[in-house]
Amino acid sequence: MLKKRKLLIDKLKKYIMLFIGSIFTAVGLEEFLVPNQIIDGGIVGISIMASHLTSMPLSVFLVLLNLPFIYLGYTQIGKTFAISTIFSIFSLAYWVSIFHPISEVTRDPFLSAVFGGIIIGIGVGLIIRYGGSLDGTEIVAIILDKKTGFSIGEIVMFFNIFILASAGFIFSWDKAMYSLVAYFIAFKVIDITIEGLDESKGILIVSDNPDEIADALMARLGRGVTILHGEGGYSGDYKKILYSVLTRLEIAKLKAIVKEKDENAFITITDVHDAMGGRVKKKAIH
C-alpha cells in the first residue's frame with residue numbers, strides 16, 4: 001500500500017513538473033522570442049517560422065508538426081516516454097495560446113534572446129529531467145544515436161544549424177544571429193536544470209592507506225564510500241579502490257584529506273549526471 005502511494009506521488013510530481021516546464025517554455029517563447037522574431041531550435045523553431053508565414057496560431061503547429069515524431073517515439077522508445085511527451089507538448093500549446101495576447105516584456109532583441117533563452121532553458125530542462133520532450137528532432141536523434149556513430153547532441157546540433165539558418169531568410173540575418181544566441185543560452189541552462197547547480201562528481205581513489213581515507217571521508221565530509229577490490233596491472237599487488245560521489249564544492253576538501261593521508265594516492269574525478277539513494281547524510285565540511 002505504501003509502495004503504491006509512493007509511486008502515485010512520484011507520478012503526480014512528474015506531471016506537475018512537466019506542466020511547470022511547459023509554462024516556463026511558453027513564457028520564454030511568447031513574451032520574449034516570438035514577438036521579436038527570434039526562434040528556438042528544433043520543431044519549436046520550425047513552428048515559429050510556419051506560424052509567421054501562414055498567420056496560423058503557433059500552438060497549432062507545435063502539435064501538428066510533433067505528431068509524427070510522437071508516434072515514432074512511441075514505437076521506438078516506449079509508451080511512458082510518448083505519454084510524457086504528449087502531455088508536455090499539449091501543455092505547451094495550451095500555455096502558448098494563453099500568453100499570446102499578452103504584451104511582450106521587451107522589444108530589445110538582445111535582452112529577448114538572453115532572457116528568453118534562460119527561461120526556455122529552465123522549462124525544457126525540467127521537461128527533459130522528468131522524462132518528457134518538446135522537440136521531435138530529439139526523438140529522431142535518440143533513434144539515430146543507436147544506429148550511427150554520432151551522439152544525440154551532435155545530431156540535434158546538425159538539425160538546428162539548418163533550422164536557425166532558415167531564420168535569416170524568413171526574418172533577417174540579425175534575427176538569425178540573435179536566435180543563435182538564444183539557442184546556446186537555452187542549451188547551457190538546460191544542462192544546469194537537468195544536472196542541478198550542485199553538480200556531482202564521481203571519485204576513484206587508489207591508495208596505500210585506503211581505510212584511513214575512507215574513514216576521513218565519512219567522518220569529515222559525511223559521504224558514503226564504496227570499497228572496490230582490484231589488482232595492480234604492473235605489480236600484481238592487491239589494492240583497495242575507493243569510490244564516492246561528491247559535489248564539486250567538496251572536491252578541494254577531498255584533495256586535502258587524501259593528501260593528508262597519502263601524498264602518493266591516485267585520484268580520478270568524473271562528472272556524474274544524476275545520483276540517487278545512499279545511506280550516509282551529507283554533513284558540514286570540517
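Does the range 84-124 hold any residues that are touching a Ser or Thr at 6+ places or on another chain (Cβ under 7 Å) and part of a loop (DSSP other than H, G, I, E, B), and which are they?
Selection gives Thr106 alone.
Just to check your reading of the model, which residue among Ser84, Ser47 is under 20 Å from Met157 (Cβ atoms) and of a type in the set (Ser, Thr, Tyr)?
Ser47
Looking at Gly117, Gly121, Gly125, which one is open to solvent by less than 50 Å² (accessible area, probe 1.4 Å) and at pLDDT below 90?
The match here is Gly125.
For residues in the range 168-179 being farther than 15 Å from Val44 by Cβ, touching a residue at least 12 places away in the same chain (Cβ under 8 Å) and within 26 Å of the chain's Cα centre (by Cα), which is most open to solvent (accessible area, probe 1.4 Å)?
In this case the residue turns out to be Tyr178.
Of the numbered conditions (1) modelled with pLDDT of 85 or more; (2) open to solvent by less than 70 Å² (accessible area, probe 1.4 Å); (3) of a type in the set (Gly, Ala, Ser), Ser103 satisfies every one except a single condition; which is it?
(2)
Within the range 6-45, which residues are open to solvent by 60 Å² or more (accessible area, probe 1.4 Å), over 18 Å from the mean Cα position of the chain (by Cα) and among the β-branched types (Val, Ile, Thr)?
The answer is Ile9, and nothing else.
Looking at (1) touching a residue at least 40 places away in the same chain (Cβ under 8 Å); (2) over 17 Å from Gly45 (Cα atoms), find the lone condition where Ile86 falls short.
(1)
Would you confirm whether any residue within the range 204-215 is in a loop (DSSP other than H, G, I, E, B) and either of a type in the set (Asp, Glu) or under 26 Å from the mean Cα position of the chain (by Cα) (or both)?
Looking for residues that are in a loop (DSSP other than H, G, I, E, B) and either of a type in the set (Asp, Glu) or under 26 Å from the mean Cα position of the chain (by Cα) (or both), one finds at least one in the range 204-215, hence yes.
Working only within the range 36-58, note down all residues that are more than 21 Å from Phe187 (Cα to Cα) and either part of a helix (DSSP H, G or I) or of a type in the set (S, T, N, Q) (or both).
Ala50, Ser51, His52, Leu53, Thr54, Ser55, Leu58
Determine, yes or no, whether Ala182 is more than 30 Å from Asn264 (Cβ to Cβ) and buried (at least 20 other Cβ atoms within 10 Å of the Cβ).
Against the criterion (more than 30 Å from Asn264 (Cβ to Cβ) and buried (at least 20 other Cβ atoms within 10 Å of the Cβ)), Ala182 qualifies.
Just to check your reading of the model, which residue among Ile98, Ile139 is among the hydrophobic types (A, V, I, L, M, F, W, C), at negative phi and in contact with a helix residue (DSSP H, G or I) (Cβ under 6 Å, 6 or more places away or on another chain)?
Exactly one residue qualifies, and that residue is Ile139.
How many of the residues making up the range 46-58 are open to solvent by 40 Å² or more (accessible area, probe 1.4 Å) and touching a Leu at 6+ places or on another chain (Cβ under 8 Å)?
1
Sort through Phe61, Phe81 and tell me the only one that's open to solvent by less than 40 Å² (accessible area, probe 1.4 Å), at pLDDT below 90 and part of a helix (DSSP H, G or I).
Phe81
Identify, by number, the condition in (1) at pLDDT 90 or above; (2) open to solvent by 50 Å² or more (accessible area, probe 1.4 Å); (3) of a type in the set (Val, Ile, Thr) that Ile152 doesn't meet.
For Ile152, the failing item is (1).
Just one of the numbered conditions (1) open to solvent by less than 20 Å² (accessible area, probe 1.4 Å); (2) closer than 17 Å to Phe69 by Cα; (3) part of a helix (DSSP H, G or I); (4) not hydroxyl-bearing (Ser, Thr, Tyr) is not true of Phe159; which one?
Going through (1) open to solvent by less than 20 Å² (accessible area, probe 1.4 Å); (2) closer than 17 Å to Phe69 by Cα; (3) part of a helix (DSSP H, G or I); (4) not hydroxyl-bearing (Ser, Thr, Tyr) one by one, Phe159 breaks only (1).
Return a yes/no flag: does the range 226-238 have any residue that is in contact with a Leu (Cβ under 7 Å, 6 or more places away or on another chain), modelled with pLDDT under 85 and of a type outside the set (Val, Ile, Thr).
no
Identify, by number, the condition in (1) more than 24 Å from Asp10 (Cα to Cα); (2) open to solvent by 10 Å² or more (accessible area, probe 1.4 Å); (3) of a type in the set (Ser, Thr, Tyr); (4) in a helix (DSSP H, G or I) that Tyr74 doesn't meet.
So the condition that Tyr74 fails would be (1).
If the Cβ limit is 6 Å and pairs must be 6+ apart or interchain, which residue in the range 43-65 that is assigned by the TED database to the domain that holds Phe169 pairs with which residue that is outside any helix (DSSP H, G or I) and of a type in the set (Asp, Glu)?
Ile43/Asp135
The values are calculated or read from the model by the stated rules, or taken from the named source; none is laboratory data. These numbers were taken from a predicted model, which means no experiment stands behind them. A quick note on method: Cβ atoms are made from the backbone with ideal geometry, for glycine too, and the neighbour counts reach across all protein chains shown. Surface accessibility is based on the protein's heavy atoms, side chains included, excluding ligands, DNA and RNA. Shrake-Rupley method; radii C 1.70, N 1.55, O 1.52, S 1.80 Å.
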